[in-house]
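**Student:** Before I ask anything, here is the structure I am working with.
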Amino acid sequence: MARTILVVDDDATLVAPLKDGLESAGYRVAVAFDAAQGLVLAHETRPDLIILDYYMPGGDGGSIYERLRAAPDTRETPVVFSTGLTLEELRGKVKGGARTFFLKKPVGFTGLLSVVNQVLGEDRRAISSVVLPSGTGTPPPAEPKPETAPEPRPAPAAEKAAAAPARPKGRHSEFEVRVSYADTDKLGVIYYANYLKYFEQGRTELLRGLGVRYRDLEIRRKLFLPAVEARVQYLAPSRYDDLLTVRTWIAELGRASVRFECDVIDKDLGGKVVARGYSRHAVVNDLWRSARIPSDLRVLLAPCVGRGPSA
């Protein structure tokens, strides 16, 4: 029977390909995007392992971890923290244990899969990147890695997402995504609403490439970007397993708003633009009041403002 892994992380651009990769490796995967949902699924699914981010909406990973360890049904569940925090920072926030592990982001899918296999007993080779947040526990026994052992290959989509994001190319950024079965409809083409999901990933990767993460805007700056308008023009159908390039740039940067535009390019159709559109977002604070874009953030975003490249 397949082992179950629960991934608790608010970054959808990382979670989706991670889920695909783990499922390709034979695991069942449940996903939660905030603390409350993570706790509910932990008790409902009884996972064999939990991959846990630290900073999330609705509570941090430390509070989730304490509640997991306090509950009888999750007390012994292995927890792997996958976070941008350093080991020293995490030690000050989390009381570790024998079945608690730590991975520093960014981590490649190959390394993460090896850790999962090791913790669940599927692979007993030593993984040097596994570190406990405290000295109270010990990792699974390590055995020498055979010199001839081949390195496992990650699923293509997972490999793309695990890699460090590229900085925007001039006034735009690009990322690639392989169309999965889940993205298509009964006709075998991409379901129309999924293009808005690609647009969201494009916005996220554009900001990430500039050194700005959505989660940091929300958690640290208390700034939010609710969508107030969106439009998609469908130019040609893309199908399962097509390789898409999502190209994103900023069309308008207002005092308290920003408009992102996207082209979706299908490489399997000879580089044809199959969809294009935009989404306009207000900038608000945690009281849902309009907020000006901070000057330091405006400086970062300004180079990506323009009409965008021609495809």
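Let's see how each residue does on (1) more than 24 Å from Asp216 (Cα to Cα); (2) modelled with pLDDT of 85 or more; (3) in a helix (DSSP H, G or I):
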site: Thr74; (1), (2), (3): yes, yes, no
site: Leu90; (1), (2), (3): no, no, yes
site: Gln118; (1), (2), (3): yes, yes, yes
site: Asp123; (1), (2), (3): yes, no, no
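**Student:** A further question on this structure: If you take the residues in the range 243-258 that are charged (D, E, K, R) and in contact (Cβ under 8 Å) with a residue 40 or more places away in the chain, which one is farthest from Val299 (Cα to Cα)?
**Tutor:** Applying the first criterion (charged (D, E, K, R)) to the range 243-258 yields 247, 252, 255.
Those left that are additionally in contact (Cβ under 8 Å) with a residue 40 or more places away in the chain: 247, 252.
Values: Arg247: 21, Glu252: 14 Å.
My answer is Arg247.
**Student:** I've got another one for you. Among the residues of the range 281-293, count how many are of a type in the set (Lys, Arg) and either part of a strand (DSSP E or B) or not assigned by TED's automatic domain parsing to the domain that holds Ser238 (or both).
**Tutor:** Qualifying residue count, the range 281-293: 0.
**Student:** Within the range 169-223, track down each residue that is part of a strand (DSSP E or B) and touching a residue at least 40 places away in the same chain (Cβ under 8 Å).
**Tutor:** Step one: of the range 169-223, the residues part of a strand (DSSP E or B) are 169, 172-178, 184, 189-190, 223.
Listed by number, the residues that qualify are His172, Ser173, Glu174, Phe175, Glu176, Val177, Arg178, Thr184, Val189, Ile190, Leu223.
**Student:** Take the residues of the range 17-69 that are among the polar types (S, T, N, Q) and modelled with pLDDT of 85 or more: which is surrounded by the fewest Cβ atoms within 10 Å (Cβ to Cβ)?
**Tutor:** To start, the set of residues in the range 17-69 that are among the polar types (S, T, N, Q) comprises 24, 37, 45, 63.
Okay, now just the ones that are also modelled with pLDDT of 85 or more, so 24, 37, 45.
Details: Ser24: 14, Gln37: 17, Thr45: 16.
Here the answer is Ser24.
**Student:** List the number of the failed condition for Thr204; all other conditions in (1) modelled with pLDDT of 95 or more; (2) β-branched (Val, Ile, Thr); (3) within 25 Å of Val15 (Cβ to Cβ) hold.
**Tutor:** Unmet condition: (1).
Yes/no matrix, rows are residues, columns are (1) in a helix (DSSP H, G or I); (2) more than 13 Å from the chain's Cα centre (by Cα); (3) assigned by TED's automatic domain parsing to the domain that holds Ala182:
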position: Leu14; (1), (2), (3): yes, no, no
position: Gly21; (1), (2), (3): yes, no, no
position: Arg67; (1), (2), (3): yes, yes, no
position: Val80; (1), (2), (3): no, yes, no
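The values are calculated or read from the model by the stated rules, or taken from the named source; none is laboratory data. Since this is a predicted model, take the numbers as computed values, not measurements. Neighbour counts run over all protein chains shown; Cβ positions are idealised from the backbone, glycine included.
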